[in-house]
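Trainee: One structure, as structure tokens, below. Some questions next.
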Amino acid sequence: MNAFRWWRGILLAFFLVALIRVFLPLPFSNEVVIFSIYVMGCSFLLGQVGFISFGQPAYLATGAYATAFYLFYFGTNPFAGILIGIAAGIVMSLIVGPLFVRLRSDYFALVNLALAVIIYYMMQKVLAPITQGDNGLWFLTNMKSTPILDISRPKEFYLFAFLVALGVWALYKYLNDTLYGACCLASKINEDKVTFLGYSNFKIRLLAFVIANTTTALAGSLYAIYLGFVSPEMTSAHRCADPVVVTILGGVGTLFGPLVGAFAFTGMKDLISNLIGNWELFIGFLLVFIMLAGEKGIWGSLEPRLARLFTKRA
Amino acid sequence: MNQTDILTVRSLNASYGESKVLFDISLGVKPGQVVSCVGRNGAGKSTLLKSIAGFIRSVSGEVTCDGTSLLGIRAYDIAKLGIKYIPQDKKVFSDLTVRENLELGSYATKDYNWDMVTDYFPKLKTLLDRKAGFLSGGERQMLMVGRALLGSPKVLLIDEPTEGLAPSVVSHLKTVFGELKKKSALVIVEQNLPLVCAISEKIYAIKEGRIVAELVGDAIQANVCEGYL
């Protein structure tokens, strides 16, 4: 990655994302961008901290429902809705994080899955009087136009989501390059030795947990604004593996992995679901192939080749 | 074990679950002293160091450093107090570079005096951008000791530092330990008896979790120590 400088990478990657918009339908472009934000948190947890989470939809729903509650019951400004979604993500992470990050990686995966199931039933049954259960909350028409960038309109929303994705990507790039990123990686490699140096694994992991899940909640808020609708379906058990699948598909621990994975996953879903009913079958086979082929994912395999290509040209 | 001891251990007992490993251990380390622990595998030497460093929670007795009781304090806070533990496995953060490994040590201690580290281990200067996973065993040990030196620790707890290392590296470490004791007290667990005898002011022989001998002065001889292995 030395020759293939990160700024060249980010410009190229986001140029391609912008290009998607030119050649591909707007809904597809929007879904790729939001999905990539959704997956960045999961990729950070898995790649930098070594925590696999099958409960990311819980945090996605936290952000989405917080935004939806605001826009359905209280306000009309979608930007305020996003800020509330982010705040809800932080609060949720701070409530469950101190309990969850003490667990081993395998138990961490399952306890998050359990949280997603709990949130699903909370939204579907327990809180049905305010969430309207399976019918969901519809608030598309409640949103008022906003000055400069009217994100209640899909085209302008795409630009906004694109800029947010760029910002989130830059944040994770920054985190990876800081000492905190090294601390996370060190904690993943050998937690005892991090303690020998005077660091608290708990604090390192809690911060990572809050950052990752706040990112996921942000993605939830964006979904809510984009669709103008939320339902418990987004946190149902059969969607829980999606962010992990996309992380592995794109390349665990790589910065571009979430973007590439989201593009590949959404693309395959759209293309293959037109041909066969059970498109997940194809994704399953692809995942098996990727893991048997070296566990690098699409970007993890492409990156060294691109680096060589750029080195030669330089 | 008088008032000048920087590290004092009194009646220390430690266990792994139901299994008791250390029995009534007492020892003292003065500033600038090298104290070694010898004994057979499984005697409890490493457990002693881990107990002092706070990695074993089920301990009773008294451990104080410079007057501060260490029992009940979390391991990372003990490290911040200046008691650094260097484990025997020589596992560094393999995905991080030597520079990043040192940065981790520096940030925790707010000590960025890498010149001091490279004065002791000049080779590290040439390896700063190499991933630690690609270092030799000797280089890893240099990195681990060098990283632990940041923050000017009061006590270094070093577990089997020469295990599996080439004679030239062992010789270098011996010189370094001789220099280090001017700044920090050293507690070393080691099987290399000639090295132990050459650098130690005091040796504790440990057998089945108990101190069975305390050797000082002329009693520190390899053949005497061998009797306790």
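Trainee: When chain A is treated as a GNM, springs tying every alpha-carbon pair under 10 Å, which of A:Phe44, A:Phe196, A:Phe79 comes out with the largest mean-square fluctuation?
Mentor: A:Phe196
Trainee: Could I have the simple spin-label model distance between A:Thr178 and A:Phe79, label points 7 Å from Cα toward Cβ, reported in nm to one decimal?
Mentor: Reported label-point gap for A:Thr178 and A:Phe79 is 2.5 nm.
Trainee: Something else now. What is the ratio of the Cα radius of gyration of segment B:7-226 to 2.2 N^0.38 Å, with N the residue count, to two decimals?
Mentor: Compared with the compact-globule rule of thumb, segment B:7-226 sits at 0.98.
Trainee: Continuing with this model, one more query. For a label point 7 Å from the Cα of B:Thr4 along Cα→C-beta, name the residues of segment B:199-221 whose backbone N is under 18 Å from it.
Mentor: Under 18 Å, as judged by backbone N against the label point of B:Thr4, lie B:200-203, B:216-218 of segment B:199-221.
Trainee: Report the residue, chosen from A:Ala109, A:Ala224, A:Ala293, that carries the largest GNM mean-square fluctuation when chain A is represented by alpha-carbon nodes joined by springs under 10 Å.
Mentor: A:Ala293
Trainee: Let me ask something else. Give me B:Thr109, A:Thr216 sorted ascending by neighbouring Cβ count inside 10 Å, so fewest comes first.
Mentor: B:Thr109, A:Thr216
Trainee: Kindly provide the GluC sites (Glu not before Pro) of segment A:145-239 that DSSP labels as loop, not H, G, I, E or B, and whose Cβ sees at most 12 other Cβ atoms within 10 Å.
Mentor: In loop regions of segment A:145-239 (DSSP not H, G, I, E or B), there are no sparsely surrounded GluC sites (Glu not before Pro).
Trainee: Only Lys, Arg, Asp and Glu count, each charged at its Cβ (+1, +1, -1, -1), so figure out the dipole size of chain A about its Cα centre, rounded to 20 debye.
Mentor: 780
Trainee: Tell me, how many Å apart are the Cα centres for segment B:148-175 and for segment B:88-110?
Mentor: Segment B:148-175 and segment B:88-110 have Cα centres spaced 15 Å from each other.
Trainee: Would you mind putting B:96-106, B:121-131 in packing order, based on average other-beta-carbon counts within 10 Å, highest first?
Mentor: Ranked by mean Cβ neighbours within 10 Å, highest first: B:96-106, B:121-131.
Trainee: 7 Å from Cα along Cα→Cβ at both B:Lys183 and A:Trp138: what's the point-to-point distance in nm?
Mentor: Modelled inter-label distance: 7.1 nm.
Trainee: Just the number, please: percent antiparallel of the DSSP beta bridges in segment B:7-226, rounded to the nearest 5.
Mentor: Counting DSSP beta bridges with both partners in segment B:7-226, the antiparallel share is about 55 percent.
Trainee: If I stretch the segment between A:Asn190 and A:Leu127 completely, what's the gain in nm (0.36 nm per residue apart, minus their alpha carbon distance), one decimal?
Mentor: Extending this stretch completely gives an extra 18.5 nm.
Trainee: For segment A:213-314, what is the Kirkwood hydrodynamic radius in Å, using each pair of distinct C-alpha atoms?
Mentor: 15.3
Trainee: Here's a follow-up. So what does the Cα-only Debye profile of the protein assembly as shown read at q = 0.09, 0.11 Å⁻¹, as log10 I(q)/I(0), no solvent term?
Mentor: Result of the Debye calculation: -0.76, -0.97.
Trainee: Along each of the three principal axes of the Cα atoms of segment A:159-202, give the extent in whole Å, ordering the values from largest to smallest.
Mentor: 46, 15, 14
Trainee: Mind giving me the FRET efficiency for A:Ile148 and A:Leu26? R0 is 25 Å, r the Cβ-Cβ distance, nearest 0.05 is fine.
Mentor: 0.80
Trainee: Take the alpha-carbon centre of segment A:255-303, take the same for segment A:65-102, and report the distance between them in whole Å.
Mentor: Going from one Cα centre to the other spans 30 Å.
Trainee: Could you list B:Val92, A:Val164, A:Val246, A:Val126 in order of exposure, starting from the residue whose Cβ has the fewest other Cβ atoms within 10 Å?
Mentor: A:Val126, A:Val164, B:Val92, A:Val246
Trainee: Compute the distance in nm between two label points, each set 7 Å from the Cα along the Cα-to-Cβ direction, one at B:Met116 and one at A:Leu19.
Mentor: Taking the two extended label points, one gets 5.3 nm.
Trainee: Taking chain A as a Gaussian network, Cα atoms linked when under 10 Å apart, which of A:Ala68, A:Ala186, A:Ala161 shows the biggest mean-square fluctuation?
Mentor: A:Ala186
Trainee: When we measure straight from the Cα of A:Lys193, which lysines land under 20 angstrom away, once same-chain ones fewer than 8 places off are left out?
Mentor: Partners found: A:Lys203, B:Lys45, B:Lys50, B:Lys80, B:Lys84, B:Lys90, B:Lys91, B:Lys110, B:Lys131, B:Lys154.
Trainee: Partner chain Cβ atoms within 10 Å, averaged over the residues of A:196-206 - can you pull that number for me?
Mentor: 6
Trainee: If you rank A:Ser200, A:Ser187, A:Ser105 by fewest surrounding Cβ atoms within 10 Å, what's the result?
Mentor: Sorted ascending by nearby Cβ count, the order is A:Ser105, A:Ser200, A:Ser187.
Values quoted throughout were computed directly from the atomic coordinates according to the rules given, and no laboratory measurement underlies them. Predicted model only: the values in this text are computed from it and were never measured. Glycine gets a Cβ as well: all are built from the backbone with ideal geometry, and neighbour counts include every protein chain shown.
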